């Protein structure tokens, strides 16, 4: 059975609904659901509220809203309905009990634990279509999918530069290249992530707080984990990124003498030729529940992630200014020796933020 234009529009709506859970770090996927009657009328919508442990999943919320109108209906879901018992019952059971006739899924469940929902629905005689608007749904759930499929956090590299690509002046100053509006937008970006990372060079030069603040400058109640990459243990105990105002993790080389910090967790990671082994560091962060890591600086840490091919997305704030000298946002790594080795990306979003431009690009994995 083919998928109708109304059903595709419903899937796009479900993807939008799923996005309402963004900015709430939690090891669950973003899921949205829409219930359609035979005539194509929307009678129920839902998304997973990740703020509440044990909260009803998107399918159950949508079915509850539809009530008796769910019988014989089509349910459009961004992710394959779960078939296992977790903090809530299997969503497949809810679909079967509601008597739905058809289920349309964007992305198949990638985990063994929760998979099997499609097979159970089909075995019960329910028509199931899979892969509808899958690319768009995967984009909206990219952090969670990267986490479960690659066993590491999704990595966003954030930079702020002049038109000629400079992130700091010749004297080392960098505050502020971009506008107040761009910096406010960067705080929204931080709020979407589970962790914010910088290198020890940035800590020593700028002493950033790495907190998320609202438009008035007040810290939000929910703060991402602050991560400092510090292979040689140079970060001072007084650093703002380790001050206890938000959870903090200090990553140091595991060949250093054991070190404690009164307000931060200290974890040893194997060394690499450029500092710390990033694969091992990301494994540690994954174990700490980090699905989405924002790498903010400095240039050497950024270059290490680029060299290791561990950057999934880049968000650049581009100021209408020229510097002519100073450091680039990404420097000090191996880089590429020739044009044929460029790491090609695709622009997904370009928009104005105050006087600046916000550019967003992704790797086509």
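The Kirkwood hydrodynamic radius of segment 5-140, based on inverse pair distances between different Cα atoms, is 14.3 Å. Our summary of shape: the Cα atoms of segment 153-363 have principal axis extents of 46, 46, 34 Å, ordered from largest down, in whole angstrom.
Quick one: if the Förster radius is 25 Å, what FRET efficiency do residue 37 and residue 119 give, using the C-beta to C-beta distance and rounding to 0.05?
0.45
A simple spin-label model places pseudo-atoms 7 Å from Cα toward Cβ; at residue 263 and residue 4 they are separated by 5.9 nm. One quarter of the surface of the convex hull around the alpha-carbon atoms of segment 156-200 equals 4.0 nm², the direction-averaged projected area.
Gain in length, residue 96 to residue 204, computed as 0.36 nm per residue apart minus the alpha-carbon separation, to one decimal in nm?
Values: separation 108, 0.36 × 108 = 38.88 nm, distance 5.82 nm.
Extending this stretch completely gives an extra 33.1 nm.
Can you give the alpha-carbon Rg of the chain over 2.2 N^0.38 Å, where N counts its residues? Dividing the Cα radius of gyration by 2.2 N^0.38 Å gives 1.10.
Taken along the Cα-to-beta-carbon direction at a fixed 7 Å, the label points for residue 222 and residue 150 span 2.3 nm.
Pairs of Cα atoms nearer than 8 Å and 6+ residues apart set the relative contact order; for segment 221-365 it is 16 percent. Packing, as the average of other Cβ atoms within 10 Å across residues, places the peptides 265-275, 203-213 in the order 203-213, 265-275, highest first.
Measuring nothing but how far apart in sequence close Cα pairs (under 8 Å, 6+ apart) lie, relative to its length, the chain scores a relative contact order of 15 percent.
Spin-label model, residue 171 to residue 255: label points 7 Å out along the Cα-to-beta-carbon direction sit 3.9 nm apart.
Bear in mind these aren't lab numbers, they're just calculated from the coordinates by the rules spelled out. Owing to the predicted nature of the structure, the values given are computational and were not obtained by experimental measurement. Neighbour counts run over all protein chains shown; Cβ positions are idealised from the backbone, glycine included.
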